[in-house]
1. Please report, largest first and rounded to whole Å, the three semi-axes of the ellipsoid equivalent to segment B:280-379, where each semi-axis is the square root of five times an eigenvalue of the C-alpha gyration tensor.
2. Can you put A:326, A:115, B:209 in order, fewest other beta carbons within 10 Å first?
3. In terms of the ratio Rg/(2.2 N^0.38 Å) built on C-alpha atoms, what value belongs to chain A?
4. Find which of B:314, B:263, B:179 sits farthest along the positive direction of the dipole of chain B, computed with +1 on the beta-carbon of Lys and Arg, -1 on that of Asp and Glu, about the Cα centre.
5. After finding the eigenvalues of the alpha carbon gyration tensor for segment A:9-245, what semi-axes result from the square roots of 5 times each, listed largest first in whole Å?
6. Cα atoms only, segment A:256-404: Rg and Dmax in Å?
7. Let me spell out the model: positive unit charges on the Cβ of Lys and Arg, negative unit charges on the Cβ of Asp and Glu, origin at the Cα centre of segment A:9-245. What dipole size does that give, in debye rounded to 20?
8. Taking each residue of A:95-108 in turn, how many C-beta atoms of other protein chains fall within 10 Å of its C-beta, and what is the average?
Amino acid sequence: MPEPETRRVVVTGLGAVSSAGIGAAEFTAAIRAGRRTTSPITSFDTTGFPHVHAGEVHDFEPAEWLRRIEPTQWGRSSQFAASAARLAVADSGLPESELARARAGSVMGTTSGESAVIEELVGQWSADGLKSLGTDRVGAVPAGRIAAAVNSELRLSGEALTLATACSASNYALGYAYDMVAGGDADYMLAGGADSVNRWAHAGFYRLGALAEEVCRPFDAHRSGILTAEGGVALLLEPYDRAVARGARIYAEVLGYSVNCDAEHMVHPDPTSIAACIRAAHRSAGVTPEQIDYICAHGTGTRTNDATEVAAAREVFGDRIPPISSIKSMIGHTMGAASGFGALICCQALHEGFLPPTAGVEEIDPALGAGVDPVPGTARPARPQVVQNHGFAFGGNNAITVFGRVA
Amino acid sequence: MSTAAVEALQAPVTHAVEPLAITAVGAATPAGLGLEALGRALAAGRPGHAEPSVQEGESLPPRPIRAVPDLRVTELIGRKGNRHLDRTTRLGLVSCRLALDSLPVPVGSRTGVVLGTSTGSIRSSSEYSLETLHQERPYLVNPSLFPNTVMNCAAGQIAIRHGLKGVNATLAGGHLAGVQALRYARNALRHGHADRLLVSGVEEFCAQSAWGWHQSGALSPDAAVGEGAALLVVEAEDAARSAGRRVLARVLACETGYADRGGLARALASVIGSALGRSGKDPAEVTAVSLGATGLVGLDRIEVRAVRSALGGALPDQVVRVKETVGECFSAGGVLQIAGLLGLWQLENTGAARTAVVPAVSRDGQVGCVVLDLNAPVG
């Protein structure tokens, strides 16, 4: 099909609900400081689990943030998403009534949807059988409600799409939202993702040998795996011309994105396929590898991820790999929201001028080869112009977004 | 709502119509395997197979059931690596195999997958969760089954087994999954994320979801809980024509919107109107509607009211209710509405031009509409 005419697309609002804070400013301050915000799990009984840490959002009171939807009728992931979206709109300075009248929608990514609701129902099943399933909770199960919650909360009349491409889902969402705004199908899109900490994923990752005991330490020689985490993140995308006309603060421009599939293995990522995804993202953004100033890594904290991600970067960048860091070292792996948080911090890095750090790196794993700079410790002052944000997933679903500084 | 009012609500059309061509369909439904089985059952008004395979000791709710009789897994997806696949993934793989087998040559590696679900296999995730409660240690779950708990498992397996390296998307659309998947596919093709796409919807029958539907109160008492999968092979129409591929139908529009509960009928009528507008079709040209909300309390009436309103008062001559055969298939419903139409059209084989609207409406607020046509003059 012929490429349609496109409008430039910028990010003008950021919203976060995370273990590192609620609101983009709080979140960014914690990341810049390299503060680890994971902690012992409280959302489920961890008795019998050898590892009990995760990136939970302990102090989240949905009623504090949500004005229109009734929190009890929605699952935790939907609450995260709708709260993050409301925060992003407030941050953008766009009057809510104007947004509701515009051609506006939402696209949100997730890995496990309303897993906390499902586990609540599993508890009822375990206690009293399937016929005891609670009527109101059953209605809160569909993962498609995550984007629906955003539209209901903000009275958006456009599309409400939930993408379930696991741990790269927010990047899929951002790419789709970018196309909708660039192509003129929508004038505003809220894009991001949400997930909730749950027992089954905690158990599954533990059994795969992928779960860290207490500290997630990507790129470090002594890394021991991931920490599961939760939260909601939303970015407001709009056309550049519109943002300028209304005098909006522009965090960054969405330059392009790419998505592809390894088609090799459900759980082992493939560096060649990821390298192809990076190259396609550069083509989409109209940039060359030399222009990339920073990579926000998928960086889960497993040896396999680090080796694959660095190998893929080496295929594209040669021996001059840009600084590459992982915010999962601070907030854990927020699953479907992960690349959304990555995108948010990329926007802040471009806007405020810094490189996000990898916390807790003591010894960069020599096995990764020379020239790997994970920005250890705390944020580094810098003036990045173009950055890329990685998201990889179960099923070999790769998605990469590219953001640029708007002068 | 009057036609004029519908027109007033239409969103501005920003692109010329770029039709998608459907070049193959695979269907695994309670009517049996294949499009013809579905078409024949619908033509005869025959309900599908009513006996699900249940696990030992499992009780089912007291309501009608429709289930795919025999998936012929060994024959259609091979013996290798099947042991840990759940029913959702099996349904997806079987519908994929049936569609690809109907094409004269394999699809290339620049093909992608767009698969609609709602929760993935709810049996897989909820049983995994239950294991953490019942095992002696909560982590004594089977690591081989973990990928089944992730919603993009079926799409990933389809890609792996057929070497499909194009975009691989899973969307949680529930009743909107069909129109959302086609919309996602149209965008991905337009931006070159794949040359061809396998657009699918899958819903498995299991005790967990059967009880869920039963307890939810969302289904009328005589409505069956069903299961099924359909997969449409789509690409840009001009690409299909220039490759000499047979075009089974064209997708002219796939529009979506959102409204609160009180505004669903109006929003659905509006989105049907804008889908027809985008297709360059007049409501009077519509020959068929394939309804999706059959059996859903409240929504079934909203859907019919919206279709009538968008089409100027009356329903078209051909009204298809695929759920009377396949039961409530949630996120597979949308693609099965389309498969049902195509199955009937192939059976009728009259050569007459047809235009169909395929509406979708969700309790949560999403509305959508696909417009299809057949035998439109080429040129």
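Only the coordinates and a few stated rules stand behind these numbers; no lab work does. Model, not experiment: these values are computed from the prediction. Heads up, the Cβs are rebuilt from the backbone with ideal geometry, glycines too, and the neighbour counts pull from every protein chain shown.
1. After scaling each eigenvalue by five and taking roots: 22, 16, 11 Å.
2. B:209, A:115, A:326
3. 0.91
4. Of the candidates, B:179 comes out farthest on the positive side.
5. Working: eigenvalues 187, 99, 45 Å².
Those come to 31, 22, 15 Å.
6. In order Rg, Dmax, the Cα atoms of segment A:256-404 give 13.8, 40 Å.
7. Numbers: 18 positive and 27 negative charges, 46 e Å.
Its charge dipole is roughly 220 debye.
8. Mean partner shielding for this stretch: 1.
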